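Quick notes on the structure that follows.
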Number of protein chains: 2
Amino acid sequence: MTDSIQNTIDYLQETRDRMMEDYKELLRFPSISADPAHAADVHACAAWIVGQLEALGFDKCEAIATEGYPVVYGEWLKAGADKPTVLVYAHYDVQPVDPLPLWRSEPFEGLIRDGKMFARGASDNKAGVWGNLKLFEALLRTNGELPVNVKIMFEGEEESGSPSIEAFVKANKERLKADVLLNCDGDFAPDDPRLYYGGRGMVTAEVRVSGPKADIHSGLYGGLVQNPLHVAGRIIGSFHDDEGSIQVPGYYDMVREASEVEKSRIEAGFQADAMKEGAGVNQFWGDSIAPAAERATVYPTCDIIGMWGGYQGAGSKTIIPAEAGFKITMRLAPDQDPPAIAKALKDYVESFTTDTVEVECNVGEMAWYFELVTEGPWLEAVQSAIEATVGKRAQLVRTGGSIPILGVFNRLIGLPITAFAYGEGEGIHSPNEYLKLDSFYTSLEAAVRLYHNLAAVEV
Amino acid sequence: MTDSIQNTIDYLQETRDRMMEDYKELLRFPSISADPAHAADVHACAAWIVGQLEALGFDKCEAIATEGYPVVYGEWLKAGADKPTVLVYAHYDVQPVDPLPLWRSEPFEGLIRDGKMFARGASDNKAGVWGNLKLFEALLRTNGELPVNVKIMFEGEEESGSPSIEAFVKANKERLKADVLLNCDGDFAPDDPRLYYGGRGMVTAEVRVSGPKADIHSGLYGGLVQNPLHVAGRIIGSFHDDEGSIQVPGYYDMVREASEVEKSRIEAGFQADAMKEGAGVNQFWGDSIAPAAERATVYPTCDIIGMWGGYQGAGSKTIIPAEAGFKITMRLAPDQDPPAIAKALKDYVESFTTDTVEVECNVGEMAWYFELVTEGPWLEAVQSAIEATVGKRAQLVRTGGSIPILGVFNRLIGLPITAFAYGEGEGIHSPNEYLKLDSFYTSLEAAVRLYHNLAAVEV
C-alpha cells in the first residue's frame with residue numbers, strides 16, 4: 001500500500017508541468033453562470049468535463065440537464081461492494097470578471113507566474129474539478145483502479161445561488177446514493193489547514209413601504225401625511241434591542257444551543273483580533289447575548305444590507321417621498337427552519353402597516369444551515385491524510401456564512417459530509433484570482449492518502 | 001381721484017398688446033440662478049431692468065452687487081414725506097428648464113396662445129417684475145407721478161435659495177427703510193383671490209452614519225459588528241411617537257400657540273378633501289396632536305426626505321454596509337428659532353453614536369417662519385383694491401411652506417408686510433410655464449387702485 005501511494009505521488013510530481021499546461025484548457029471556458037450571455041460557454045465546459053471523465057474510464061458520464069445548467073455526473077463503481085462509495089462535489093461555473101480593467105492578465109487565459117496560476121476560477125472552484133480529475137488519473141494510471149467507489153457531481157450554478165440544485169437532488173436521490181459526500185469547494189492551506197464543518201442558513205427579503213401616491217410637497221403636507229421613510233426607519237430600528245437581540249417574535253425558538261464540545265471548538269477556531277481588524281472596529285456588538293465566537297457562527301443574525309427612499313442627491317428637495325425600501329439578510333442557526341423564519345419575518349414586518357402606509361415583505365432566497373461530520377472515521381480519513389502530508393491536522397472551523405448545497409444534502413440525502421479542497425487561492429470573486437501551485441500539489445498528495453484512508457473505512 | 005384711476009386703467013387697456021410684446025424682451029433672458037452657466041444671463045437681465053427703471057425716471061437705479069447675483073434697486077421718492085414709502089419685492093431669476101424635451105415652445109421665446117404667455121418665468125416671477133414696471137409706467141404717463149414713494153428691490157437668487165439675501169438686507173437696512181413691504185412673488189386669481197399671510201421656517205440637515213471601515217461580509221461578521229443601517233433606522237424611527245408627535249427634546253418649547261382668531265382663519269382656508277386627494281391618502285396622520293389645518297401650518301414637522309445605504313440593486317449582496325445616510329427637513333412653527341432647533345436636532349441625532357457606529361449631523365439651510373399683516377390699513381388697502389376690481393376680498397391663507405426672504409425681512413427690518421401678486425400662472429418650476437393674460441390685466445387694474453389706497457394710509 002505504501003508503495004502504491006508513493007507511486008501515485010511520484011506520478012503526480014512527474015506530470016506537474018503538463019498538468020498545469022492542461023489546466024489552461026479547463027480555465028479557458030468562460031463558464032459564468034450569472035451571465036446569460038455565457039450560457040453556451042457553461043454548457044461547453046460541462047461537455048468538456050464529461051469527455052475528461054469518459055477518457056478516464058468513468059461510467060455513465062453525462063451532463064445531466066436541470067432547470068438551469070447541467071450537473072456533470074460520472075461514476076466509477078468497480079472497487080467492490082465492500083468498499084465505500086464517495087460522492088464528490090465541486091462546481092465548474094465561475095464568478096463574473098468585472099471590473100475587467102483591474103485584471104493584469106486575460107481572465108480566461110491561464111497565466112503561470114511566481115508559482116501561481118492566474119485566471120478566473122483558477123481557485124474557485126475549477127481547482128476542485130481539476131484536482132479530482134488529476135487525482136483519479138494518477139490513481140488509475142499507477143494502480144489501474146481507484147481505492148473506493150466514486151460518484152462525481154460537478155455543479156454549474158454555484159456562483160448564481162444554486163437555484164436548480166434542490167430539485168436536482170430530489171429527482172436523483174438514488175443516483176446520488178453514497179456513504180459519504182466529499183465537498184471539494186474551498187481552500188487547502190498547507191501551513192494552516194482548516195476544515196469548515198458547519199455554517200449558517202439564510203433567508204433574504206426585500207421590503208417595500210408605500211405612502212402617498214407620489215412624492216408630495218413637504219411644506220404643504222408635512223405634519224398631515226405619514227412619511228413612508230419614517231415607517232421604514234421604525235421597522236429597521238426595531239429589529240434589535242439595545243443589546244443586539246433580535247425582536248422578531250419567535251426568532252430564537254428553534255435555535256439549537258451548541259454543546260460544550262462545540263462551544264470549545266468554536267472558541268478555538270475564532271480569531272477575535274483578526275476579525276476586529278477586518279471590520280475596522282475596536283469592539284464587537286452584542287456581547288451580552290453570547291460569546292463573540294458563538295454569535296459569529298451558531299447564533300442567527302438579521303442585517304439590513306441596503307436601504308433607499310426619496311432624494312439622495314446633493315442639497316435638499318422639499319418632498320415627502322412616495323416610498324422607501326430595504327433588503328434584509330438573516331443568517332440562520334442550526335435547527336432554524338428557513339420557511340418558518342421567513343414567515344415570522346414577513347408577519348412581523350408587515351404588521352407595521354398603518355392606515356396610510358403599506359408595508360410589503362417579499363421573501364427572496366432561502367438556505368438551510370449545514371453541518372459536516374466533526375468526528376468519526378470519515379473525518380479521521382481526511383485528518384490523517386492531511387497530517388501525513390503537512391505534519392499537522394486541520395483545525396475544525398465553523399463559518400458564519402452559508403453554503404446552500406450542503407444544507408440541501410444535509411436535509412434531503414442525510415449522508416455524512418466531510419470537506420477536502422484542492423489548493424489555496426486568493427482574489428476569489430475579485431480581479432486577478434489565482435491558485436498557488438505548491439499548495440495545489442500538496443493537496444493532491446494528501447488526496448492520494450485520503451482515498452486510501454477512505455478505502456479502509458468499514459461500510 | 002376716480003378719474004385719475006380710470007385714466008391709468010384706460011392706458012393699461014390701450015397698451016395691452018404692446019405690453020405683452022415688450023414682455024418677451026424680459027422673458028428672453030435665461031436668468032437661471034441655479035445654473036452657473038447662465039451667470040452672464042442673470043447679470044444681463046439685472047442690467048436690463050435697471051435700464052427700464054431709469055427710463056421710467058426712477059432714481060439711484062443700480063444692480064447692487066451681493067455675494068451672489070445683484071439686487072436691482074431703484075427709488076421714486078417724490079411723493080412727499082407725508083406719503084408712505086412702499087418697498088416692492090419681486091425676483092427676476094427663474095427656475096431651470098429641464099426636462100427641455102417636454103416644452104412645446106422655446107422656454108425663453110415668449111409665445112402667446114389661447115390668452116396665455118408661455119415662457120420660463122412668465123409667471124414665476126418675471127410677472128412680478130413686469131407688472132410693477134408697467135404699473136409705474138401707466139401711473140407716471142397718466143398722472144406724471146406715483147401716489148406713494150416707491151423703492152424697488154428685485155432679487156436674482158430666489159430660485160436658488162436666496163443665499164446672499166440676509167447679508168444684503170443687513171448691509172442695506174437704511175436703503176431699504178420703508179413703511180410697508182409689498183411682496184409681489186405669488187399668484188393673483190381673480191375668481192378665488194388668496195393672500196398668503198404666513199408660512200413656516202425651515203431647518204435642513206444631512207446625517208451620515210458610519211460603521212465598519214468598508215462593506216464587510218454579512219456571514220462572517222453578522223452578529224458581531226453593529227450595522228450602521230440599523231442605527232440609521234433607529235434614529236429615523238425615533239423622531240415621532242405613535243401619534244406623530246416629534247421626540248427631539250425641547251422641539252415644541254418655543255412653538256407659539258395660534259390665537260383663536262388665527263385658528264378660525266386657518267380652518268377656513270384649509271381644504272381637507274383637496275389635500276387628501278393631492279396626497280392620495282384616505283386619512284391624515286397625527287390627529288391627536290391638533291386639527292389637521294393647524295398641523296399643516298402652525299405646527300412644526302420633521303420629515304426624512306431621502307435615505308440611503310448599502311446595496312440597492314437587484315437581488316442581494318452579502319454585506320454589512322460601511323455607512324448609511326439620510327436627509328431631514330424640519331418645517332418650523334411661529335417663534336421657533338432655526339439655529340436653536342438646528343442645535344437641538346444635531347445634539348439629538350448625534351446622541352445615537354455608539355462605541356462602533358459614529359453619527360454625524362450636518363445642518364444645511366435655515367429659514368425663519370414669516371408673518372404678514374392680517375389686519376390694519378396696509379392689508380385693507382390691498383383688500384379694498386381687490387374687492388373693487390373682482391367683487392370679493394381675498395381669503396387670508398397660511399401656507400405650510402417657507403419663503404426665506406420674508407422671514408429675513410420680518411426679523412431684520414421688522415416692517416409690516418403684505419402681499420400683492422401680478423397674474424396667475426401654471427407650470428411653475430415645470431415645463432410649459434404660462435401666465436394667464438386676463439388675470440395679469442386684472443391684477444394691474446387692482447394695482448392701480450391699490451397704490452391710490454396706499455397713498456391714503458396715514459404714516
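Every number in this text was worked out from the coordinates using simple rules, so none of it is lab data. Bear in mind that the values here come from a model prediction, so they are computed numbers and not experimental data. Don't worry about glycine lacking a Cβ; one is built from the backbone with ideal geometry, like all the others, and counts go over all protein chains shown.
The table below gives the values:
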{"read-out": "Contact order relative to length of chain B, as percent, for alpha carbon pairs under 8 angstrom and 6 or more apart", "value": "25"}
{"read-out": "Within the stretch A:27-132: Cβ-based charge dipole about Cα centre, in debye rounded to nearest 20 (Lys, Arg +1; Asp, Glu -1)", "value": "360"}
{"read-out": "10 Å Cβ neighbours from other chains, averaged over peptide B:270-280", "value": "4"}
{"read-out": "Electrostatic dipole magnitude of the stretch B:169-260 [Cβ: Lys, Arg +1; Asp, Glu -1; Cα centre; debye, to 20]", "value": "700"}
{"read-out": "Positive-end extreme of charge dipole, the stretch B:388-459 - chosen from B:Tyr441, B:Ser430, B:Leu412 (charges on Cβ)", "value": "B:Leu412"}
{"read-out": "Summed side-chain charge close to B:Pro107 - residues other than B:Pro107 whose Cβ falls under 9 Å, Lys, Arg +1, Asp, Glu -1", "value": "-2"}
{"read-out": "Unit charges on C-beta of K, R, D, E only; dipole of the protein assembly as shown, Debye", "value": "240"}
{"read-out": "Backbone HN-Hα couplings from phi across the stretch B:184-197 [Karplus 6.51/-1.76/1.60, Hz, Gly and Pro as x]", "value": "9, 9, x, 10, 10, 9, x, 6, 9, x, 9, 10, 7, 10"}
{"read-out": "Label geometry 7 Å along the beta-carbon vector: A:Glu109 inter-copy distances in nm", "value": "5.6"}
{"read-out": "Loop GluC sites (Glu not before Pro), the stretch B:211-272, which have at most 16 other Cβ atoms in a 10 Å radius of their Cβ (DSSP)", "value": "B:Glu243, B:Glu257"}
{"read-out": "For the axis carrying chain B to chain A: nearest C-beta residue of B, whole Å", "value": "B:Gly237, 2"}
{"read-out": "Computed E for B:Thr374/A:Asp241 - FRET, C-beta separation, R0 56 angstrom, nearest 0.05", "value": "0.65"}
{"read-out": "Sparsely packed chymotrypsin sites (Phe, Trp or Tyr not before Pro) within the stretch A:361-459, loop by DSSP, other Cβ within 10 Å at most 12", "value": "none"}
{"read-out": "The stretch A:171-222-the stretch B:211-274 distance, computed between alpha-carbon centres (Å)", "value": "32"}
{"read-out": "A:Gly306 long-range amide H proximity, modeled H, under 5 Å", "value": "A:Lys327, B:Tyr311"}
{"read-out": "Separation in nanometres of the label points that stand 7 Å from Cα toward Cβ, at A:Arg16 and B:Ala40", "value": "7.2"}
{"read-out": "Amide H contacts under 5 Å for B:Arg194, placed H, 5+ residues apart", "value": "B:Ala189, B:Gln395"}
{"read-out": "Rounded to 5, percent antiparallel among DSSP beta bridges of the protein assembly as shown", "value": "70"}
{"read-out": "Mean residue ellipticity (222 nm) of chain A, computed from DSSP H runs ≥ 4 via -39,500 (n - 2.57), nearest 500", "value": "-10500 deg cm²/dmol"}
{"read-out": "Cβ-vector label at 7 Å, B:Ser351, separations to other copies in nm", "value": "2.8"}
{"read-out": "Label point 7 Å beyond Cα along the C-beta direction, distances from B:Ser430 to other copies (nm, shortest first)", "value": "5.0"}
{"read-out": "The stretch A:142-158 - phi-based ³J(HN,Hα) in whole Hz, Karplus 6.51/-1.76/1.60, Gly and Pro as x", "value": "8, 10, x, 7, 9, x, 9, 7, 10, 10, 9, 9, 9, 8, x, 9, 4"}
{"read-out": "Net charge contributed by nearby residues that have their C-beta within less than 13 Å of B:Leu406 (K/R +1, D/E -1)", "value": "-2"}
{"read-out": "Selection of GluC sites (Glu not before Pro), the stretch A:113-180, meeting DSSP coil and at most 11 other Cβ within 10 Å", "value": "A:Glu174"}
{"read-out": "Per-residue mean of C-beta atoms belonging to partner chains within 10 Å, peptide A:282-293", "value": "3"}
{"read-out": "Among B:Pro300, B:Leu332, B:Val359 - extreme Cα towards positive end, dipole of the stretch B:293-380, charges at beta-carbon", "value": "B:Val359"}
{"read-out": "The stretch B:286-333 and the stretch B:1-40: distance between their alpha carbon centers, rounded to Å", "value": "42"}
{"read-out": "Local electrostatic count, B:Ile236, Cβ distance below 12 Å [Lys/Arg +1, Asp/Glu -1]", "value": "+2"}
{"read-out": "Label point 7 Å beyond Cα of A:Ala171 along Cβ direction - residues of the stretch A:38-75 with amide nitrogen under 11 Å", "value": "A:64-71"}
{"read-out": "Other protein chain Cβ atoms within 10 Å, averaged over every residue that makes up A:396-404", "value": "2"}
{"read-out": "Per-residue ³J(HN,Hα) for the stretch B:383-391, Karplus 6.51 cos²θ - 1.76 cosθ + 1.60, θ = phi - 60°, Hz, x for Gly and Pro", "value": "4, 6, 5, 5, 4, 5, 9, 10, x"}
{"read-out": "Inter-part distance where the stretch B:124-149 and the stretch A:114-163 are each reduced to a Cα centre, Å", "value": "89"}
{"read-out": "For chain B, share of DSSP beta bridges that run antiparallel, in % to the nearest 5", "value": "70"}
{"read-out": "Dipole axis of the protein assembly as shown (+1 Lys, Arg; -1 Asp, Glu on Cβ), positive-most option in A:Val148, B:Leu176, A:Ala55", "value": "A:Ala55"}
{"read-out": "Amide H contacts under 5 Å for B:Met202, placed H, 5+ residues apart", "value": "B:Leu332, B:Ala367, B:Trp368, B:Tyr369"}
